[in-house]
Amino acid sequence: MKDFYAQYKTDEFWLAREKYWEPGLQNTYESQFTLSNGYFGSRGVLEEIPHDASPGTYIAGIYDKIGSQVAELANLPNPVNFKFIAKGEKIDVAAMDVLRHRRILNLKKGLLIRNTLYQDAQKRRYDYQSLRFVSMHNKNIGAMQIMITPQDAPCTLDVITQIDTSVSNSGILSEGRKQHFCVREVGRSRSDEAAYLVVDICHGRYCVIFWAGFWYKTDGRKIFSKENVFRLKLEKNQTAVFTKIFYLKHFPKQPDQDYSECKKETFREFSLALRAGFSSLTNSHIEAWEKLWKRADILIRGTGNLQTKVRFNIYHMLACCHTDSGFSSLGARTLSGEGYRGHIFWDAEIFLLPFYMFTFPEAARNMLLYRCNRIEKARELARKEGYRGAKFPWESADSGEEETPEWARDIDRTIVRIHTHTFEHHITSDIAYAIYRYSAATRDKGFMRQCGYEILFESARFWASRVKYDKGKKKYVIRHVIGPDEFHIEVHNNAYTNIMAKWNLSMGHEMFSRLKGSPRLFREITGKISLEETEAREWKETASKMAMNINKERVIEQFDGFFKLKKIIPKSTDEHGMPLLPPGLKAKDLGKTQLVKQPDVLMVFCLLDEFFSLKTKRANYDFYLPRTVHKSSLSPSIHSLLACQLGDLQKAYSLFNVALRVDLSNLFGNTPEGVHAASLGGTWQALVFGFAGVWIRKGELSINPRFPLTWKNVVFSLRWRDDTVRLDMTNESIRVKIVSGHRGEVPIWIFDAMEKLKTNKLYVFKRKAALRKEEGYYY
């Protein structure tokens, strides 16, 4: 049987595969094979929607609250819905015998390709091939094509295709399943070549308009179908080609419920795609993906198996790359599922933003604009809790209000009350940190003027009101918090929280002082938020007296009393090298031990590397890593990064391989709920900041690779300010070219030596032995 889509399966290093049909893996592959363009995402369901399938169609930023504790990403009607019935039997992996089943996600081209061979009860075989994509060229368009061939006898096919409105969001705890939209209108175009659907988001402010057009070919004749259900006769070995183009776009709800103008606008846009045809749409989509990969690909020569896994992680971040003036940001499970209800956490700014900052700064800017657009809600939240400035919510959706649910399942599946929204305040300094790093990497003065300075100052103002002066310690303390290690609830002086607050206060003062150099802008910003110099000076004073416990071995105590907790060091691991909890230890008792869920103290060293001596970092790494049980998907990648920086390459490489497979191997058992965004970004950081040794040092780019010995060389590009830095590196040499639209010099640290590189000129540097001068540190 001819492979109709063989041209899209040629490069093994770009292909993620499903090699056989296994019902228990169905939902995992749906997440892994999600097609998305940043505006909307479509889970990689099989077109016939088998039993236990979880179809998901999500528009970035569209949430609803009906029937749930908090707002959640709305699962919209499913346009990927195609059913065939042959002589009374549904052509379906759950209904017929599956003789062969293969699917491929082409990561380079953003295409999902399928080939399934079915056999019915009478031993008649049907070859099924399909190709579909969510257009990266036109972000309102999706397209799919299916080819069916009866191989043993003529058949009559019943064809059913429609935009499925029976979908719903998954049930969580006691909520049950819920539908976040209501059908407002259905109909067809005047030409009768397309159908439309209008749905309202129930408690939201938006409607969504869908269009779909469908045609089929037998013996080369193209026939537009005017019906969603019809019958077609096929001869033995005659192939029928079914093609469907669909479109979706959201609008503000119309007060008079008159959507006529919206329908006209969307039909004009949709009809252009419909007339363009499937091949043209496919080619435009592929070209758009090629442009993305030109910026983002990382080529690792010397290890083929690793290459595809790296690209899988990058693919899912590219699939979220989007700009919409801050209407949306990136949720913890991207647009691939409903885990964490699609909420935005610190994952966005700390784990994902660095990838976009160095590849697509416009997307990074969009993520920060999401926070800027909701600063008034952050101010309201601070005032409500008795603080000044702006306090950002731990979980955010569309409004900027706190959206953390009251209840959730713990790691042992017991239902527990959630306290993160009450005590996990470090997200405010995380956002300030992200803004500072973005500004350093891009020098985006317009963004800083628009809202960057304002958030830096308002977050510092929050921390100044959040701390309390302890007369006995003669230090400022922060009580009643949760750090990144969420095993320990409502602790005092969590190290990560205190150090990031200290940084936020110090940077607030520093930015205030820098801003004086632009008197007009200084007056504009400080006048807007009524910020006086005396207040900024108080930030600096408070930062200098922030409480921190550190013992004589230079180990920073994670929080007050941590060293007195029960010492438990896991003795055994699973097959991936991940520590196993001691038998009999219950989840509710983890807070009584020194076991750590994920990097907490060690997280600080990844963000504020320049403020700590190598001796301090090593002492804490040696202490905390054995106590860390990696019960968060973000944990392996961050520990890999730190291990790399400290020269523990065996551990760095081991943890990097775990991080790469978090979703490919469903290591945490919940990939069916969506891919793990923080792990995607953390894995990229482990590779680029860890092994490739890229960092921002003293305000300038720094590169000092430390690759595994099997890696022959690594090739990738970075955006740095207004230029592109092209790199081809080994452990001993760096080939670098600054591609720029202007002539000049760019200072870059190469192998710990400051070099000034002329733009558009290729340089080759060899490693030399060099000592790095000791500097001043926090600790």
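Assorted remarks:
- Share of Cα-Cα pairs in the stretch 226-275 lying beyond 12 Å, as whole percent: 76 percent
- For the chain, cysteines whose Cβ has no other cysteine Cβ within reach (under 4.7 Å): Cys155, Cys182, Cys202, Cys207, Cys262, Cys320, Cys321, Cys606, Cys644
- For the stretch 1-71, fraction of C-alpha pairs farther apart than 21 Å, in %: 46 percent
- Across Lys475/Lys567; Lys391/Lys586; Lys249/Lys294; Lys468/Lys502, pairs whose alpha-carbon gap is larger than 23 Å: Lys475/Lys567; Lys391/Lys586; Lys249/Lys294
- Computed Rg/Rh of the stretch 483-617, alpha carbon atoms with Kirkwood Rh: 1.12
- Net length gained if the chain between Lys236 and Lys540 were fully extended (0.36 nm per residue, minus Cα distance): 101.4 nm
- A Förster radius of 60 Å combined with the Cβ-Cβ distance from Ala153 to Lys253 puts the calculated FRET efficiency at roughly 0.70.
- Summed side-chain charge close to Ser513 - residues other than Ser513 whose Cβ falls under 12 Å, Lys, Arg +1, Asp, Glu -1: +2
- With R₀ set to 45 Å, the beta-carbon distance separating Val98 from Ala440 gives a calculated FRET efficiency near 0.25.
- Calculated [θ] (222 nm, deg cm²/dmol) that DSSP helices of n ≥ 4 give over the chain, each run adding -39,500 (n - 2.57): -8500 deg cm²/dmol
- Extreme residue, positive dipole direction of the chain, given options Ala536, Phe40, Val241 (C-beta unit charges): Ala536
- Reported to the nearest whole Å, the Cα centre-to-centre distance from the stretch 575-644 to the stretch 15-86 is 34.
- Members of Lys178/Lys253; Lys19/Lys217; Lys516/Lys540 lying beyond 23 Å, as alpha-carbon distances in this model show: Lys19/Lys217
- Taking Cα atoms only, the orientation of helix 453-466 departs from the longest principal axis of the chain by about 60 degrees.
- Mean projection of the Cα convex hull over all viewing directions, computed for the stretch 451-541: 6.4 nm².
- Protection proxy ranking, highest mean first, for peptides 348-359, 474-485, 594-605: 348-359, 594-605, 474-485, where packing is the per-residue count of other beta-carbon atoms within 10 Å, averaged.
- Computed over the stretch 658-711, the P(r) tail beyond 13 angstrom holds 65 percent of alpha carbon pairs.
- Spin-label zone in the stretch 466-492 - amide nitrogen under 18 Å from a point set 7 Å from the Cα of Lys592 along the C-beta vector: 487-491
- Relative contact order of the stretch 613-699, pairs being alpha-carbon contacts under 8 Å that are 6 or more residues apart, as %: 33 percent
- When each of the peptides 238-246, 34-42, 283-291 is scored by the mean number of other C-beta atoms lying within 10 Å of its residues, the order from highest to lowest reads 34-42, 238-246, 283-291.
- Considering every alpha-carbon pair of the stretch 661-779, the percent of pairs per 5 Å bin, from zero through the bin containing the longest distance, is 2, 10, 17, 19, 16, 13, 10, 7, 4, 2, 0.
- Modelled spin labels at Ser191 and Arg721, positioned 7 Å past Cα toward Cβ, are 5.1 nm from each other.
- Crossing angle, helix 361-372 versus the chain [Cα axis fit, 0-90 degrees, rounded to tens]: 70 degrees
- Sorted peptide list for 324-337, 368-381, criterion being average Cβ within 10 angstrom, highest first: 324-337, 368-381
- Residues of type aspartates and glutamates that Lys566 reaches as a straight line, Cα spacing below 15 Å, ignoring anything fewer than 8 places off in the same chain: Glu557, Asp589
- Relative to the globular-protein estimate of 2.2 N^0.38 Å, the Cα radius of gyration of the stretch 119-271 stands at 1.25.
- The chain - charge dipole about Cα centre, Lys and Arg +1 at Cβ, Asp and Glu -1, debye rounded to 20: 1920 debye
- Counting only the Cα atoms, the chain fills a convex hull of 174 Å³ per residue.
- Calculated FRET value between Ser518 and Asn283, using beta carbons and R₀ = 51 Å, to 0.05: 0.60
- Taking the longest Cα principal axis of the chain as reference, the axis of helix 375-384 is set at about 60 degrees.
- Cα convex hull of the stretch 443-482, projected area averaged across orientations, nm²: 4.2 nm²
No value in this document is a laboratory result; all are computed from the given coordinates. Predicted model, so just to flag it, every value in this text is computed and none were measured. Methodologically, a virtual Cβ is constructed for each residue, glycine included, from the backbone with ideal geometry; neighbour enumeration extends over all protein chains shown.
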